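Inspection log for the structure reproduced underneath, given as structure tokens.
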Amino acid sequence: EPEVTQTPSHQVTQMGQEVILRCVPISNHLYFYWYRQILGQKVEFLVSFYNNEISEKSEIFDDQFSVERPDGSNFTLKIRSTKLEDSAMYFCASRLNTEAFFGQGTRLTVV
Amino acid sequence: QKEVEQDPGPLSVPEGAIVSLNCTYSNSAFQYFMWYRQYSRKGPELLMYTYSSGNKEDGRFTAQVDKSSKYISLFIRDSQPSDSATYLCAMSTNFGNEKLTFGTGTRLTIIP
């Protein structure tokens, strides 16, 4: 069964460092998303991406964040200068129709 | 008022019981409703998807949507220990490129 895959599963980084979280969406899907979940809190929308551009972004998705689909298969989330409060699980999702499928997540720990 | 409200639980029921999980919402523009299951430190897994009001059944799971009351439910019949997880409701307003708005999730434990 097709699935969304994310790497790495766990990333530890120092505050102020740049991180890139990687995702391979399901191959025929058209819409791509990043969500995050701070420990013990709800899943929150960060950004949606369609036709090689951002469709919508939340207030969380400030200038420190960027997304890219560099080669037609990978979908990346870059955080330029990480803060302690960026520590969370980051989930990539993709969808073709209305049903969004999520990856297993990358746990980002900023120290 | 939060856009989507969900009782966080925890909810513990004996094996074989019927489980009822619920969400309320305030945005009347929501039309697409989903239930996800999330095991600890894993990604949400889609269980059920419904459009507008009505019922949908899939095996032991039934999803109900009452748009007039802004209330959705997930019923699990003959609950099993493997159903123990956090259940998230999620909803969106448009078909296609639309973000999901999640509830906080209800942690469910099925006691053998």
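The figures follow:
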quantity	calculated
Given (1) closer than 27 Å to A:P2 by Cβ; (2) not in a loop (DSSP other than H, G, I, E, B), index of the condition B:S20 fails	(1)
Top-ranked residue of segment A:37-49 - restricted to ones that are without any contact (Cβ under 8 Å) to a residue 12 or more places away in the chain and surrounded by fewer than 17 Cβ atoms within 10 Å (Cβ to Cβ), ranked as farthest from the other protein chains (Cβ to nearest Cβ)	A:G40
Some residue of segment A:50-70 being in a loop (DSSP other than H, G, I, E, B) and in contact (Cβ under 8 Å) with a residue 40 or more places away in the chain	no
Test: residue in segment A:68-82 that is under 26 Å from A:S27 (Cβ atoms), among the small types (G, A, S) and surrounded by 20 or more Cβ atoms within 10 Å (Cβ to Cβ)	no
Top-ranked residue in segment B:44-90 [being among the charged types (D, E, K, R) and touching a residue at least 60 places away in the same chain (Cβ under 8 Å); ranked as nearest to the other protein chains (Cβ to nearest Cβ)]	B:D83
Members of segment B:66-91 found to be buried (at least 22 other Cβ atoms within 10 Å of the Cβ) and farther than 17 Å from B:D7 by Cβ, listed by number	none
Those residues of segment A:1-25 which are more than 13 Å from every other protein chain (Cβ to nearest Cβ) and either small (G, A, S) or free of Cβ contacts under 8 Å to residues at least 24 places away in the same chain (or both), in sequence order	A:G16
Some residue of segment B:103-112 being within 11 Å of chain A (Cβ to nearest Cβ), of a type in the set (K, R) and without any contact (Cβ under 8 Å) to a residue 12 or more places away in the chain	no
Hits in segment A:26-36 (condition: more than 7 Å from chain B (Cβ to nearest Cβ) and more than 11 Å from the chain's Cα centre (by Cα))	A:I26, A:S27, A:N28, A:H29, A:L30
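Read-outs: derived from the displayed coordinates by stated rules, not from any lab. All values reported here derive from a predicted model rather than from experimental measurement. Positions of Cβ are generated from backbone atoms using ideal geometry, with glycine treated the same way; all protein chains shown enter the neighbour counts.
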